[in-house]
Amino acid sequence: MTNRSFDNARVWRMGADVDTDALAPGAYMKHGLEVIGWHCLEAVRSDFASGVREGDVIVAEANFGIGSSREQAAGVLRHLGLAAVIAPSYSGLYFRNAFNLGLLLLTCPDADKIEEGERVGVTFEGDTPVVIRPNGQPLACAAIPEFLMDMVDAGGLLPLLKQRKPA
Amino acid sequence: MSAAVSQTLAQKLIARASGRAHVAVGEVVTCKVDLAMFHDSSGPRRLKPMLDELGAEIWDKNKVVLVLDHYVPAQDADAQKIIQIARDTAKQWKLPHVIDSEGICHVVLPERGHLKPGMFCVGGDSHSPTGGAFGCYMFGIGATEMLGVCVTGQIWVQVPRTLRMHWSGRLQRGVSAKDMMLHMVGRFGMNGGQYQAVEFAGPAVQALSMAERMTLSNMSAEMGAQAGLIAADETTLKYLRGVGVDPAHLTGSEQWHTDEDAEFEQHCFDACTLSPQVAAPHSPANTRDVGEFADVQPNIAYIGACTGAKLEDLRAAASVLKGQRVAAGVQLMVAPASAREQAQATQEGVMQTLLDAGATVLPNSCGACAGYGATFPEGSTVISTTARNFKGRMGPASVNVYLASPYTVAASALRGRISDAREVLA
């Protein structure tokens, strides 16, 4: 089984209702993820796109990803190297898109305990992820069905369909 | 034989699509897709490279509808390229159902008779719940998930709970489905639907035309619901026969309703006491009565989008503006949601009324609402019939967008400040 745990992930705190149009602004939707990435979240957090590094995580308040079906809003976070998003709730449509693109979303009711800039880890107890804060405090997350974790392991639905394609 | 299990409309639609007699809330099932719709942005430019990479083909071309509405007419070379990919791919794939530059997907889909009660449909656009107005289970998905549908003809869903919004009474003149929806989004919030099924019911809903019902289902997206359903009735069937659906395909439509003893969560509203609603920047949930915004002076009044520029919306605006001109300093823009609806509005004199009031008429496309091309200039204050007023969606972050009904947008254009159409119509 794939080792899904990671640690030492730097936290970017965001507020509630972060929308798809902030994640993937409409004016750049003509372009690919590289260009969208330069402008990701510029309307709500202008230091993000230039400062984000491989392995960082976003920790947000409720309703992350509301709005459009544009999956670039999830794809751009994988493109920028985010290890996961941690929030108490997501738009249902964004939730599907994220897993289809291999982006791990952790549904964590106590996400508000996590602070800007701290380093968190994530471990899995079976299908249940747990966020570990620097002081060792564990924050339980909702279980993720295996068929969704298969997509995260494969890197998304497209690679998964390729793996499963009959030879 | 055991008695049939009571089910909600959502459960019945999903049960049928998953080949089961009944389904339980919370279980994950795989459904056969009766129709998949995608557009120039979410469709060929994203799907073709992935299908080619897989060496796969569309499972059933007859069940696919491609609509060119987001990047048309092209504003620049990049947009032109995206449109060209859509047109070339449509030819290469020999797609039988392509609607090019003739209107917005959620409006042209039923207009061409593609939706019928009982169907299970997906759309590559977040406002796809619009199809729920026709008694279909329809929801929005992203391009990669659409790839999965195109390859397999199937998709998984978790059977949702149903939140039934029961509206008694009747709307006052100058109050519309948009106001009902802004009120509900304000009350429950943008994720209040929790990706469950919302169902609209009651005398005030049954009294609505199909266009108005579509507005309810459309903005279920702004409530965070997966689907926004309305059981089919005579109004539905009359509309569908009118757009040329074979009556033989409509038999049995009455089975697609929620059993009264099924389990659902009900919320009650009184249409009689509803005032026009306005959602202030930058959230559709930021809603209050129109009277609280009398000091806001918009310089742009926008009547557009799948949410707010259908024939009925144009008629509503014209009823307010008839024989008058918009206030100095206000630019009125009208982007009718489809070419057919615009033609009908022209025939009825509605377009002439809007032109006489000073309107600029824009193409039948998503236009400024999607924010993909022409948007509003820096610092604009906009009152708009569209569905979303997120910061930076319809222009620079300095643009302030207020959402309202076509009545309210027209009344506000007329008076130069956000106004209650009931006063104008009185």
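Between B:SER209 and B:ALA24, the FRET efficiency estimated from the beta carbon spacing at R0 = 45 angstrom works out to 0.80. With neighbour counts taken as other beta-carbon atoms within 10 Å, the residues B:HIS282, B:HIS249 rank, fewest first, as B:HIS249, B:HIS282.
Mean per-residue shielding of peptide B:186-195 is 4, counting Cβ atoms of other chains within 10 Å of each Cβ. Label positions at B:THR251 and B:ALA56, each projected 7 Å from the Cα along the C-beta direction, are separated by 3.6 nm. On the beta carbon distance between B:GLN344 and A:SER46, with R0 = 41 Å, the FRET formula returns roughly 0.35. Each Lys and Arg Cβ is given +1 and each Asp and Glu Cβ -1; about its Cα centre, the stretch B:1-151 then shows a dipole of about 520 debye.
For the residues of A:155-162, the average number of beta carbons from a partner chain within 10 Å of their own beta carbon is 4. Among B:MET394, A:MET29, the ranking by other beta carbons within 10 Å of each residue's beta carbon, starting with the fewest, stands as A:MET29, B:MET394.
For the stretch B:127-132, backbone phi angles converted through the Karplus equation (6.51, -1.76, 1.60; θ = phi - 60°) give residue-by-residue couplings of 8, 4, x, 3, x, x Hz, Gly and Pro being listed as x.
Would you please name the GluC sites (Glu not before Pro) within the stretch B:335-426 that are DSSP coil residues with at most 15 other C-beta atoms within 10 Å of their C-beta? When the GluC sites (Glu not before Pro) of the stretch B:335-426 are filtered for loop state and at most 15 Cβ neighbours within 10 Å, B:GLU348, B:GLU378 remain. A convex hull fitted around the alpha carbon atoms of the protein assembly as shown yields 155 Å³ per residue. Per-residue extension of 0.36 nm, minus the Cα-Cα distance of B:GLU263 and B:LYS94, leaves a gain of 56.4 nm for this segment.
Charging the Cβ of each Asp and Glu at -1 and of each Lys and Arg at +1, and nothing else, the dipole of the protein assembly as shown about its Cα centre rounds to 960 debye. For chain A, the spread of Cα positions along the three principal axes, ordered from largest to smallest, is 47, 42, 25 Å.
No lab work stands behind these numbers, since they all come straight from the coordinates. Nothing here was measured: the structure is a model prediction, and the numbers come from that model. In this analysis, Cβ positions are derived from the backbone assuming ideal geometry, glycine residues included, and neighbour counts consider all displayed protein chains.
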